[in-house]
Amino acid sequence: TACYDILVIGGGSAGIATAASILRRRPDVSLAIVEPSEDHYYQPGWTMVGGGVFAAEVTRRGEAGLIPAGAEWIRGAAASFDPANDRVTLVDGRVIGYGALIVCPGLKLDWDAIPGLGATLGSNGVTSNYRYDLAPYTDRLVRRFRGGRALFTQPPMPIKCAGAPQKAMYLSCHRWERAGLLGQADVQFHNAAPALFGVAAYVPALESYIARYGIDLQLESRLVSIDGTAKVALFEQKRGDMVRRVEERFDMIHVVPPQVAPDFIAASPLAAPSGFIAVDEATLRHPLHVNVFALGDVAATTNAKTAAAARKQAPVAALNALAALDGAAPVAAYNGYGSCPLTVEAGKIILAEFGYGGKLLPTFPKWLIEGTRPSRLSWLLKEKILPPLYWHGMLRGREWLAAPEPLGKGG
Ligand code: FAD
């Protein structure tokens, strides 16, 4: 059985950032990353791909080039955990031991939860920015649209980047507005949540865009099935004490699928009742297993599931895992920071930044960026600054804008 000081499950945003952070702090530690995919994706860029701003290719890089120097890449997928014996078993049967375990394989997009969706995705005007290969189809549909009905959906929480369903819609509407087509567009937003956005401070500015684009906002309306060839979507809507089902015809539909914990995580002894991994909200440590940590989308924490959250969590998980390796108590705390740059029009963003409990946590002073209002500087940040910050900062363990807080001051 191979054994490492630190074993990381998943080489996505959280896994690479945490591994890099650990090796920067302690280069002599033995560390391996279990990751099945040859490709690594900058998913926050997919909104821009669907909006016709980025080419899809700029959001994908080879995993090999991102594995930090000093880390070993184990090409495979984790299948099960044995935390009592500090061991992980891979799908191919390999067993790997560890001193400390960091679990971050992301979440599962549950396309199959919507009957009819899998069969029609990528055709019949049915698209989603939540897949690398489909975000360019969103761009094509929006460009070819000559009027008609466009539907946008948002499933129940939790989802990664809770603003992304509306970002796709606003960028589409803005393009139709510019092309003089908005008058012929009948746009509906079906959001399973009871509010437009989970943090109230950002709602008024978003509502003004709903009004400007003439969007028919349907709250507590959940997509339940879709018939691609007939171009009809079925929604279940809560209206007062009643639940009703409504069919809507469409010319195009942007679907965001329901999102759950990966199956092997939900079935593991590390899972919380929700299926995601149980961890302390501040230290990111498992409540029972003191050498097990989780971060990123797989953690059962209440922050916004974003790469921005992973950026802040990575040094916390790194410091606390190193402490665990030394037999010491956790030293760093995560405050729930997450960020959602809401692309309300090409060139302007409402930069939502908040922590646990919806507490606003702006990175910049108000005179530079007022997060609750549309800002050109925020767009510049999203288009030009955040991608290099991701590839060259976060994934290299350079903690620009991510200095961890000591435990006790967090929260
Ligand atoms: P991921 O980055 O998804 O990585 C998980 C990794 O685990 C993958 O490499 C996968 O191959 C691997 N893996 C899976 N199963 C196994 C297994 N069994 N064993 C080992 N490895 C496994 N965030 C923002 O901050 N800002 C945004 O504007 C933003 N916009 C978004 C827009 C869209 C359309 C989408 C889809 C996401 C967006 N996000 C945004 C969210 C962000 O991409 C995620 O929150 C972030 O990638 C989470 O990082 P992660 O490492 O937990 O998961």
### Message
If you fit an axis through the alpha-carbon atoms of helix 13-25 and take the longest principal axis of the Cα set of the chain, what angle between them do you get, 0 to 90°, nearest 10?
### Response
30 degrees
### Task
For the chain, give the share of DSSP beta bridges that are antiparallel, in percent and rounded to the nearest 5; count only bridges with both residues there.
50 percent
### Task
State, in angstrom, two size descriptors of the stretch 104-232 derived from its alpha carbons: Rg to one decimal place and Dmax to the nearest whole number.
14.6, 45
### Task
Return the long-range amide H neighbours of Cys3 (sequence gap of 5 or more, or a different chain), with a cut-off of under 5 Å between placed amide H atoms.
Gly97
### Degrees, to the nearest 10: 164-178 long Cα axis against longest axis of the chain
40 degrees
### Check: the chain dipole with +1 on Lys, Arg Cβ and -1 on Asp, Glu Cβ, in debye
1160 debye
### Task
Using amide H atoms built 1.01 Å from N in the peptide plane, name the residues 5+ places from Ile74, or on other chains, whose amide H lies under 5 Å from its own.
Ile33, Val34, Glu35
## Note on the structure
Expected unfolding gain across Ala403-Thr302 under the 0.36 nm per residue rule, minus the alpha-carbon gap, is 34.3 nm
### Query
Restricting the count to DSSP beta bridges whose residues both fall in the stretch 110-258, what percent are antiparallel, rounded to a multiple of 5?
45 percent
### Message
Taking the Cα centre as origin and putting +1 on Lys and Arg beta-carbons and -1 on Asp and Glu beta-carbons, what dipole magnitude results for the stretch 110-258, to the nearest 20 debye?
### Response
400 debye
### Summary
The extension gain from Lys359 to Asp280, computed as 0.36 nm times the residue separation minus the Cα-Cα distance, is 26.6 nm
## Note on the structure
Output ordering of 354-367, 137-150, 120-133, 13-26 (per-residue mean of other Cβ within 10 Å, highest first) is 13-26, 120-133, 137-150, 354-367
### Query
Got a sec to turn the phi values of the stretch 350-355 into Karplus ³J(HN,Hα) couplings, 6.51 cos²θ - 1.76 cosθ + 1.60 with θ = phi - 60°, whole Hz, x for Gly and Pro?
9, 8, 7, 9, 8, x
### Query
By how many degrees, 0 to 90 and rounded to 10, does the Cα axis of helix 307-325 deviate from the longest principal axis of the chain?
10 degrees
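Over its Cα atoms, what ratio of radius of gyration to 2.2 N^0.38 Å does the stretch 325-411 give? Before the final figure, lay out each step's value.
Working: Rg = 15.2 Å, N = 87, 2.2 N^0.38 = 12.0 Å.
This ratio for the stretch 325-411 stands at 1.27.
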## Note on the structure
Under 5 Å from the placed amide H of Leu181, counting only residues 5+ away or on other chains, we find none
### Message
Using the Karplus curve 6.51 cos²θ - 1.76 cosθ + 1.60 with θ = phi - 60°, what ³J(HN,Hα) values do you get for each residue of the stretch 90-98, in whole Hz, with x for Gly and Pro?
### Response
8, 4, 7, x, 4, 10, 10, x, 8
### Message
Let me make sure I get this right: for the chain, a, b and c are the square roots of the gyration tensor eigenvalues over alpha carbons, sorted descending. Under 1.5 in a/c it's rounded, otherwise prolate if a/b > b/c, else oblate. Which is it?
### Response
prolate
### Task
Report ³J(HN,Hα) in whole Hz for each residue of the stretch 384-393, in order, from the Karplus equation J = 6.51 cos²θ - 1.76 cosθ + 1.60 where θ = phi - 60°; Gly and Pro get x.
10, 9, 5, x, x, 4, 5, 5, 9, x
### Task
Rounded to the nearest 500, what is the 222 nm mean residue ellipticity of the chain from helices alone, with -39500 (n - 2.57) per DSSP H run of 4+ residues and division by all residues?
-6000 deg cm²/dmol
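Read-outs throughout are calculated quantities, based only on the coordinates presented, and are distinct from any laboratory measurement. Nothing here was measured: the structure is a model prediction, and the numbers come from that model. Cβ coordinates were reconstructed from backbone atoms using ideal geometry, including for glycine residues, and neighbour counts include every protein chain displayed.
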